[in-house]
Amino acid sequence: MKLKMYFLLLALGALGLQSCDNDDDDDLSYVPAELKNAFTAKYPTVSNEKWETKGNYYVADFRHQNYETSAWFTPDGTWQMTETDIPYQALPSAVKSAFESSEYAKWKIDDVDMLERLDMETVYVIEVESGKQEFDLYYSAEGILIKNVADTDNDSGNYLPAEVPAAIENFIKEKYPNARLAEVEVEHGMTEVDIIHNNISKEVVFNSSNQWAYTSWDVHRNALPVEVTSAIASSPQYAGYHVDEADFFETPTGEYYLVELEKGELEVKVKITEKGEFIPCIWFPFQQNVKK
């Protein structure tokens, strides 16, 4: 994906930005012609859009198919993202089924967004809350939970994907053929790319030099190899513990399961190969976190 970021506005756009703020504005005279044409080409039936600027982007707010919609463009008219506020019932049936069978099913639903982004998979975000906890649940159209993250006050800005360097893009294409890009995030110098591969949501992580660090994905505890569960059950060190969650990790040096074990309010994570061999790591029991 080649997601262009423009930090210097075109001359016409720059002049316009000097005379407008981030509030909706019915006067479209400041919007560059390239941008107007791009918007009309993408949404030919819309004529009452209102424009605002957010950072280096122009954002058009309008109603599309009777839903509140925002489309994000760079100043030269390159479309980046469309965010549509939809009712829960408008979600694909697979997404509703996945949510209603999840641990969040009884949480309060605050909002639902459909995200369409340049060169990326369409994603549905369900914002939920329970008490003081608020999370955004990202689902693919077929109901695959891509990730859950703490809700913020600036979701639209967070919805914009980061740029994917060519080295990362090429690595993913080679290692995970036919993978679909769902999310991209840069955090603490690490690039996290969420993909859908073989109908599984996987997180592929790269270091600051764009070198592959690891890939991980959730594994249901009932899907763990017998060798793994047997090794844990027969280990005196983990007597009385039961498997709560598990992830599978691929790394440049090998593969392993990271299994979270629980006993009362104690939790511990252990690394173990598919053959049931424990991998030494620092073990710190700690108080159980509040369940999400």
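Using the Karplus curve 6.51 cos²θ - 1.76 cosθ + 1.60 with θ = phi - 60°, what ³J(HN,Hα) values do you get for each residue of segment 233-241, in whole Hz, with x for Gly and Pro?
So the J values, rounded to whole Hz, are 5, 8, 7, x, 5, 10, 4, x, 8.
Cα atoms only: what Rg and Dmax, in Å, come out for segment 132-276?
Computed over the Cα atoms of segment 132-276, radius of gyration and Dmax are 17.1, 49 Å.
Starting from the Cα of Ser230, step 7 Å along the direction of its Cβ; do the same at Leu266; then give the gap between the two resulting points in nm.
2.6 nm
Under a no-solvent Debye model with one identical scatterer per Cα of segment 61-201, what's log10 I(q)/I(0) at q = 0.14, 0.16, 0.19 Å⁻¹?
-0.70, -0.91, -1.25
If you roll a 1.4 angstrom probe over the protein chains with everything in place, what fraction of the accessible area of segment 86-204 belongs to carbon and sulfur, to the nearest %? Walk me through the numbers on the way to the answer.
Working: 2560 of 5680 Å².
For segment 86-204, the apolar C and S fraction of the accessible surface comes to 45 percent.
Per residue of segment 76-89, in order, report the coupling 6.51 cos²θ - 1.76 cosθ + 1.60 (Karplus, θ = phi - 60°) as ³J(HN,Hα) in whole Hz, putting x for Gly and Pro.
Calculated HN-Hα couplings, in order: 8, x, 7, 5, 10, 7, 10, 10, 10, 7, 10, x, 4, 5 Hz.
Which residues' amide hydrogens lie under 5 Å from the amide hydrogen of Tyr241, considering only partners 5 or more residues apart or on another chain, with H built in the peptide plane?
The answer is none.
Let's test the formula: R0 of 22 Å, r as the Cβ-Cβ distance of Asn48 and Asp85. What FRET efficiency results, to the nearest 0.05?
On the way: r = 17 Å, r/R0 = 0.76.
The value I calculate is 0.85.
List, in order, the whole-Hz ³J(HN,Hα) value for each residue of segment 172-186 obtained from phi through the Karplus relation with A = 6.51, B = -1.76, C = 1.60 and θ = phi - 60°; use x for Gly and Pro.
5, 4, 7, 7, 10, x, 6, 5, 10, 6, 10, 8, 9, 8, 10
Amide H of Leu261: which non-local residues (sequence gap of 5 or more, or other chain) have their own amide H closer than 5 Å, using H built in the peptide plane?
Asp244, Val268, Lys269, Val270
Once you have the alpha carbon radius of gyration of segment 95-168, what is it after dividing by 2.2 N^0.38 Å, with N set to its residue count? List each step's numbers first, then the result.
Details: Rg = 13.1 Å, N = 74, 2.2 N^0.38 = 11.3 Å.
In units of the 2.2 N^0.38 Å rule of thumb, it is 1.16.
Provide the solvent-accessible area of Val193, counting protein heavy atoms only and rolling a 1.4 Å probe, rounded to the nearest 10 Å².
0 Å²
Treating the beta-carbon of each Lys and Arg as +1 and of each Asp and Glu as -1, no other charges, what is the dipole magnitude of segment 35-165 about its Cα centre, to the nearest 20 debye?
Working: 11 positive and 24 negative charges, 60 e Å.
That gives a dipole near 280 debye.
Report, by chain and number, residues whose modeled amide H sits under 5 Å from the one on Gly143, excluding near sequence neighbours (fewer than 5 apart, same chain).
Val95
The values are calculated or read from the model by the stated rules, or taken from the named source; none is laboratory data. None of the values given here were measured: they were computed from a predicted structure. All Cβ positions, glycine included, derive from the backbone under ideal geometry; neighbour counts span all protein chains shown. Each accessible area value is taken on the protein alone, full model and side chains, heavy atoms only, with ligands, DNA and RNA left out. Shrake-Rupley method; radii C 1.70, N 1.55, O 1.52, S 1.80 Å.
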